[in-house]
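Written out below as structure tokens is the structure these notes cover.
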Amino acid sequence: MPKEFPRTLRVGEQIHRELAQLVHDTVKDPRIGMVTIVDVEVSRDLAHARVYFTVLGDHETIRTSEAGLNRAAGFLRGELGRRLKMRGVPKLRFVYDDTEEKGARVDALIDEALSSGDSSRRRDH
């Protein structure tokens, strides 16, 4: 795995803070639901940023929110440029973060395995 560079981390954190506020306050697209910006990963050359988000709702809400955010990416990039006073603002790409869902599925599978293990032990005794 490549070494992380402090500048990319700092820029990512700045973008994260500003985007969270911008999405909440300025984006008025009705397709975008209750979005939370989770993380921002910036490329080493600061040309691209992958913005991870979560949203309350079903798969259709996720899909439409992602489309709305990616459609607003140019506007958000311009606003970031004004707020951060950076010469070059990374191109933004919004990606749904399904980590929480995956974690819940793993927890459910573990619980299921443990409960079936308990019942098999009871039968053995």
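Odds and ends about this structure:
- Residues located in region 29-38, provided they are surrounded by fewer than 18 Cβ atoms within 10 Å (Cβ to Cβ), of a type in the set (A, V, I, L, M, F, W, C) and at pLDDT 90 or above: V38
- Considering residues of region 39-74 that are farther than 19 Å from R10 by Cβ and free of Cβ contacts under 8 Å to residues at least 24 places away in the same chain only, the residue surrounded by the most Cβ atoms within 10 Å (Cβ to Cβ): A73
- Scan region 51-75 for residues that are of a type in the set (S, T, N, Q), in contact with a Lys or Arg (Cβ under 8 Å, 6 or more places away or on another chain) and under 23 Å from E18 (Cβ atoms) and the total you get is 2.
- With respect to the conditions (1) at pLDDT 90 or above; (2) loosely packed, with under 15 Cβ neighbours inside 10 Å, M86 lacks only one, and its number is (1).
The values are calculated or read from the model by the stated rules, or taken from the named source; none is laboratory data. Please read all numbers here as calculations on a predicted model, not as lab measurements. Glycine gets a Cβ as well: all are built from the backbone with ideal geometry, and neighbour counts include every protein chain shown.
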